[in-house]
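The values are calculated or read from the model by the stated rules, or taken from the named source; none is laboratory data. Since the model is a prediction, treat every value here as computed from it, not as a measurement. Positions of Cβ are backbone-derived with ideal geometry, glycine not excepted, and every protein chain shown enters the neighbour counts. Areas reflect the complete protein model, heavy atoms only, side chains present, ligands, DNA and RNA absent. Shrake-Rupley method; radii C 1.70, N 1.55, O 1.52, S 1.80 Å.
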Amino acid sequence: GKAKWLLLSQLFQPFNLQPGAGTAAAAAAGGVGEPSCRSQRLMVQGGLIHPAGPGCYPYLPPGLRAMEKLERLMDEEMRAVGGQKLSMPSLCSAELWRASGRWERMGPELFRLEDRHGKEYCLGPTHEEAVTQLVAAHTHLSYKQLPLRLYQVTRKFRDEPKPRFGLLRSREFYMKDMYSFDTSPEAAQHSYHLVCGAYCSLFQRLGLPFVKVSAATGSIGGTMSHEFQVPAEIGEDRLLLCPHGHFAANVETLQEEPASCPTCGTKLTQSRGIEVGHTFYLGTKYSSVSKAVFYSPENKPQLAEMGCYGLGVSRILAAAVEVLSVEDSIRWPSLITPYQLCFIPPKKGSKEEEEEGAVLLEQLYDSLSQALPHLAGDSVLDDRTQLTIGKRLKDAQKLGYPYVVIAGKKVCEDPPVFEVWQQKTGEVLFLTKEGVIELLSKVQI
């Protein structure tokens with residue numbers, strides 16, 4: 001059947017793109033005087049998220065769409081390193097957490113609750129205990145079945161004392177967490193470096209600046225840990241970096257702050273960063289508690305060597321908006337922009353409308369649907385024809401559509417010519433229907 005327009009007037013994206021809009025709503029939900037940042041402001045104003053309470057945000061359809069695209073990219077990278085996707089319950093047994101010693105150690109950050117029978121649980125901020133118990137329940141695991149690299153993308157919970165900066169530090173958030181089970185320390189370190197490489201690949205595909213730094217193992221534990229940081233002024237972590245890439249560390253991991261690189265002697269630079277990923281080599285810390293064993297070639301039980309690897313899905317989304325956007329306009333990594341295309345028909349009552357500019361734009365869309373069906377489904381029609389083209393174009397630029405196709409003055413020519421704005425380059429092109437389709441055929445989604 002004929003492709004159907006997604007009309008902006010029907011899209012649940014209640015935006016108010018005027019400067020300062022959304023601040024009152026954010027303050028009311030997040031507490032008076034809550035610190036704000038660019039990503040929080042732009043995402044609230046643009047109708048991508050809405051403040052519902054301290055550190056809690058509904059993701060509106062366009063915001064969720066961007067996050068689902070990000071999750072698909074993560075799936076691709078995790079599958080490429082042998083990842084298998086599963087889903088664990090958010091309710092985690094207190095008994096498991098007590099056995100690992102983390103029920104007490106995590107302190108007030110854990111959301112704790114009891115069921116009607118008095119049994120205690122927490123809302124999982126991470127799932128080392130649960131996934132290790134799951135693997136341990138597979139009592140005849142053979143060395144031939146390893147390595148196992150199990151991951152999920154799910155909601156996590158942390159009772160932040162001061163939620164702030166929108167999705168960058170919230171109480172409920174989305175995380176991709178992977179857990180690896182290997183036959184030896186050497187094999188486990190191979191898994192560790194493989195997954196770290198996949199993380200680097202993900203950030204490179206997103207076009208997001210990042211650094212991998214040595215980090216503390218903290219409450220999760222293990223003997224080796226790295227963070228993936230996006231440099232940003234509002235970042236809560238302080239980093240020391242060698243300009244030549246020989247040294248990178250989170251300051252909190254250092255007993256003393258060196259002034260120069262231990263490898264090349266160059267003066268270290270300081271930066272602030274947003275943590276968007278964290279990896280840990282765990283050894284047998286959790287497998288020894290749950291008795292997660294496999295059977296060796298000699299048919300003897302051995303403890304599995306483990307690693308765990310987290311990516312903050314919602315945090316990456318916000319960090320990308322934070323560092324790529326300009327002051328009043330969202331700029332997306334092209335692979336996760338909610339919609340690639342915005343079509344703007346003529347203003348109601350204009351000469352272009354009278355000469356069937358809207359019909360010509362629809363014909364362009366129909367041709368696009370046939371030639372590039374994947375892209376037709378990634379398009380929005382701004383049907384607010386009571387507004388000028390200029391006003392709708394300004395809104396489209398603020399919302400960050402990579403391409404805006406306008407039925408402007410030249411649409412009345414023979415053949416019709418459409419105005420195409422490219423956000424990334426700032427170019428404006430005047431193209432026929434065939435030219436528009438050729439240009440858009442290069443777009444990746």
Review point. When each pair of different Cα atoms in the chain is counted once in the 1/r mean, what is the Kirkwood radius in angstroms, to one decimal?
Key: 24.3 Å
Point to revise | Rounded to whole Hz, the Karplus (6.51, -1.76, 1.60) HN-Hα couplings of segment 156-164, x for glycine and proline | key: 10, 9, 8, 7, 4, x, 9, x, 7
Practice item. Over 20 Å between C-alpha atoms is what I'm after, so list which of 4/424; 4/391; 351/391; 348/394; 176/212 land there. Key: 4/424; 4/391
Practice item. Over every pair of different alpha-carbon atoms in segment 339-441, take the mean of 1/r and invert it; report that Kirkwood radius in Å. Key: 13.4 Å
Practice item. Please list, or write none, the lysines whose alpha carbon is within less than 27 Å of the alpha carbon of residue 119, excluding same-chain residues fewer than 8 places away. Key: 156, 285, 291
**Study point:** Computed label-point distance, nm, for sites residue 328 and residue 244 using a 7 Å Cα→Cβ extension
**Key:** 4.6 nm
Review point. Which value results when the Cα radius of gyration for segment 63-323 is divided by 2.2 N^0.38 Å?
Key: 1.03
Study note, to complete from the structure: Whole-Å distance linking the alpha carbon centroid of segment 395-432 with that of segment 250-294 is 47 Å
Check your understanding: residue 91 to residue 427: extension gain in nm, 0.36 nm per residue of separation minus the Cα-Cα distance?
Key -> 115.9 nm
Study note, to complete from the structure: Karplus ³J(HN,Hα) for segment 364-374 (6.51 cos²θ - 1.76 cosθ + 1.60, θ = phi - 60°; Hz, whole; x = Gly/Pro) runs 4, 4, 4, 5, 4, 4, 6, 7, 9, x, 5
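Given the -39500 (n - 2.57) contribution per DSSP H run of 4+ residues, what per-residue ellipticity at 222 nm results for the chain, rounded to the nearest 500 deg cm²/dmol? Spell out each step's value before the answer.
Numbers: 14 runs with 136 residues, N = 445.
Taken over the chain, the calculation gives -9000 deg cm²/dmol.
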Review point. Largest first, how would 190, 226, 138, 127 line up by accessible area (1.4 Å probe)?
Key: 190, 138, 226, 127
